[in-house]
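Below: the structure, in C-alpha coordinates.
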Amino acid sequence: MSCDRLSVLASSLGDEYLKYGVTTGGVVPSWLNDPVDDSDTERPLKNVLAPQKSSYAERFVERFGCRRIACFNITEVSCPITFSTWDAAVYDSEGRMSCGVLRSGYEARVVDENDHPVADGTQAN
(Lines give C-alpha, C1' and ligand atoms only; values in the text may rest on other atoms or scores of the structure.)
Protein backbone atom coordinates (compact mmCIF):
# COMPACT_ATOMS: atom_id res chain seq x y z
CA MET A 1 0.00 0.00 0.00
CA SER A 2 1.35 3.43 -0.85
CA CYS A 3 0.68 6.67 0.87
CA ASP A 4 0.94 10.08 -0.75
CA ARG A 5 2.40 12.58 1.64
CA LEU A 6 1.88 16.30 1.43
CA SER A 7 5.10 18.23 1.75
CA VAL A 8 6.12 21.77 0.91
CA LEU A 9 9.70 22.86 0.44
CA ALA A 10 10.71 25.97 2.38
CA SER A 11 11.79 27.54 -0.90
CA SER A 12 8.26 27.26 -2.33
CA LEU A 13 6.30 28.05 0.86
CA GLY A 14 5.48 31.61 -0.20
CA ASP A 15 4.25 30.42 -3.61
CA GLU A 16 2.00 27.85 -1.92
CA TYR A 17 0.61 30.49 0.45
CA LEU A 18 -0.25 32.72 -2.52
CA LYS A 19 -1.62 29.85 -4.63
CA TYR A 20 -4.02 28.68 -1.92
CA GLY A 21 -4.75 32.05 -0.29
CA VAL A 22 -3.32 31.03 3.09
CA THR A 23 -4.38 33.55 5.75
CA THR A 24 -2.72 32.01 8.84
CA GLY A 25 0.73 30.45 8.87
CA GLY A 26 4.39 30.95 9.57
CA VAL A 27 6.76 33.64 8.40
CA VAL A 28 7.90 33.33 4.78
CA PRO A 29 11.59 34.35 4.94
CA SER A 30 11.91 34.47 1.14
CA TRP A 31 9.34 37.29 0.98
CA LEU A 32 11.72 39.47 3.00
CA ASN A 33 14.26 39.10 0.18
CA ASP A 34 11.81 40.47 -2.40
CA PRO A 35 12.01 44.20 -3.20
CA VAL A 36 9.67 46.29 -1.03
CA ASP A 37 6.43 46.97 -2.90
CA ASP A 38 3.34 49.04 -2.13
CA SER A 39 1.23 45.89 -2.53
CA ASP A 40 3.09 43.92 0.18
CA THR A 41 0.18 44.30 2.62
CA GLU A 42 -2.28 42.94 0.05
CA ARG A 43 -0.96 39.38 0.32
CA PRO A 44 -3.51 37.01 1.88
CA LEU A 45 -1.35 36.04 4.89
CA LYS A 46 -2.73 38.11 7.77
CA ASN A 47 -2.01 36.00 10.87
CA VAL A 48 1.55 34.89 11.60
CA LEU A 49 2.66 32.28 14.12
CA ALA A 50 6.26 32.99 15.07
CA PRO A 51 8.86 32.51 17.81
CA GLN A 52 8.63 34.87 20.78
CA LYS A 53 11.54 37.11 19.92
CA SER A 54 12.58 37.04 16.31
CA SER A 55 13.94 40.01 14.41
CA TYR A 56 12.87 38.56 11.07
CA ALA A 57 9.31 37.95 12.35
CA GLU A 58 9.08 41.51 13.64
CA ARG A 59 10.26 42.86 10.26
CA PHE A 60 7.85 40.52 8.46
CA VAL A 61 4.81 41.60 10.49
CA GLU A 62 5.61 45.27 10.02
CA ARG A 63 6.23 45.00 6.27
CA PHE A 64 3.32 42.73 5.34
CA GLY A 65 0.74 44.11 7.77
CA CYS A 66 0.13 40.86 9.64
CA ARG A 67 -0.94 40.17 13.19
CA ARG A 68 1.46 38.01 15.15
CA ILE A 69 1.01 35.54 17.93
CA ALA A 70 3.94 33.88 19.57
CA CYS A 71 4.22 30.77 21.63
CA PHE A 72 6.85 28.60 23.22
CA ASN A 73 6.62 25.08 21.89
CA ILE A 74 8.50 21.81 21.72
CA THR A 75 7.53 18.66 19.87
CA GLU A 76 6.52 16.81 23.01
CA VAL A 77 4.34 19.59 24.45
CA SER A 78 1.83 21.56 22.43
CA CYS A 79 2.16 25.28 23.17
CA PRO A 80 1.80 25.41 26.96
CA ILE A 81 3.08 28.99 27.03
CA THR A 82 1.52 31.55 24.75
CA PHE A 83 0.36 35.12 24.49
CA SER A 84 -3.31 35.61 25.24
CA THR A 85 -3.98 37.89 22.28
CA TRP A 86 -2.50 38.77 18.91
CA ASP A 87 0.31 41.34 18.89
CA ALA A 88 0.77 40.99 22.65
CA ALA A 89 4.57 41.10 22.66
CA VAL A 90 5.60 42.74 25.91
CA TYR A 91 9.10 44.15 26.46
CA ASP A 92 10.58 45.39 29.70
CA SER A 93 12.73 48.51 30.10
CA GLU A 94 15.85 46.49 29.16
CA GLY A 95 14.35 45.25 25.89
CA ARG A 96 13.66 41.71 27.11
CA MET A 97 10.48 40.16 25.79
CA SER A 98 8.04 38.31 28.02
CA CYS A 99 7.81 34.60 27.26
CA GLY A 100 4.02 34.82 27.57
CA VAL A 101 1.55 33.22 29.92
CA LEU A 102 0.93 29.63 30.93
CA ARG A 103 -2.20 28.12 29.41
CA SER A 104 -4.84 26.70 31.73
CA GLY A 105 -4.27 23.06 32.60
CA TYR A 106 -0.46 23.20 32.46
CA GLU A 107 2.23 23.49 35.10
CA ALA A 108 5.64 24.94 34.30
CA ARG A 109 8.76 26.25 35.94
CA VAL A 110 11.92 27.92 34.69
CA VAL A 111 15.08 26.06 35.65
CA ASP A 112 18.83 26.30 35.16
CA GLU A 113 21.08 23.72 33.51
CA ASN A 114 20.93 21.63 36.72
CA ASP A 115 17.11 21.63 36.84
CA HIS A 116 17.04 24.07 39.80
CA PRO A 117 14.36 26.78 39.73
CA VAL A 118 15.61 30.28 38.86
CA ALA A 119 14.33 33.54 40.33
CA ASP A 120 11.78 35.65 38.45
CA GLY A 121 13.47 38.02 36.03
CA THR A 122 16.61 35.91 35.64
CA GLN A 123 17.99 36.32 32.12
CA ALA A 124 19.09 33.22 30.23
CA ASN A 125 22.70 32.76 29.18
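The requirement of being at pLDDT 70 or above and not in a loop (DSSP other than H, G, I, E, B) is not satisfied by R109.
For segment 57-84, filtered to residues that are of a type outside the set (S, T, N, Q) and in a loop (DSSP other than H, G, I, E, B), the residue that is modelled with the lowest pLDDT is E76. Yes or no: S54 surrounded by fewer than 11 Cβ atoms within 10 Å (Cβ to Cβ) and either in contact with a helix residue (DSSP H, G or I) (Cβ under 7 Å, 6 or more places away or on another chain) or modelled with pLDDT under 90 (or both)? No; evaluated as a whole, the condition is false for this residue. Taking residues in segment 89-100 that are farther than 12 Å from G121 by Cα and at pLDDT below 70, and partners anywhere that are part of a loop (DSSP other than H, G, I, E, B) and of a type in the set (G, A, S), the pairs with Cβ atoms closer than 8 Å and at least 6 places apart or on different chains are A89/S98; V90/S98.
The values are calculated or read from the model by the stated rules, or taken from the named source; none is laboratory data. Predicted model, so just to flag it, every value in this text is computed and none were measured. Glycine gets a Cβ as well: all are built from the backbone with ideal geometry, and neighbour counts include every protein chain shown.
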